[in-house]
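The values are calculated or read from the model by the stated rules, or taken from the named source; none is laboratory data. In this text, all values refer to a predicted model and were calculated from it rather than measured experimentally. With ideal geometry, Cβ positions are generated from the backbone for all residues, glycine too; neighbour counts draw on all protein chains shown.
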Amino acid sequence: MIYFLSFSLILTLFFLFVSIRKNLELLEKIESIEDQVEESVDILDEYYKIIDAKSKTEVFFDEPLVKSLIQDINGCKNAVVLVSNKLYSEQNNKEDEN
């Protein structure tokens, strides 16, 4: 009986070690992804400022193509803001949990 308990304890400790090791590996991957997301948000913020400045300039053409292009630029600007806000809010939620 004592041999069985000893074997069970050793086996449990082995699996505990493997589990902790795997959790630490996953933690490193998560931290790497968080760093990449933070860099991406910074890049999106830079491009948002550029697009915002360019979309506010007056255009003297009444062609439908030019108007459509301006609408597309404004749509891209809004998409950049939306993605940036989603990434930033997810990052803040994770920091609040910790």
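Residues are listed down the side, and each one gets a yes or a no for (1) at pLDDT 90 or above; (2) surrounded by 10 or more Cβ atoms within 10 Å (Cβ to Cβ); (3) not in a helix (DSSP H, G or I):
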site	(1), (2), (3)
8	yes, yes, no
12	yes, yes, no
22	yes, yes, no
32	no, yes, no
62	no, no, yes
85	no, yes, no
94	no, yes, no
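Screening 58, 38 for residues that are acidic (Asp, Glu) and surrounded by 10 or more Cβ atoms within 10 Å (Cβ to Cβ) leaves exactly one candidate, 38. Which pairs turn up if I take residues in the stretch 44-65 that are free of Cβ contacts under 8 Å to residues at least 12 places away in the same chain and look for partners that are assigned to a helix (DSSP H, G or I) and loosely packed, with under 13 Cβ neighbours inside 10 Å with beta carbon separation below 6 Å, at least 6 apart in sequence or on another chain? Within 6 Å, the pairs are 59/66.
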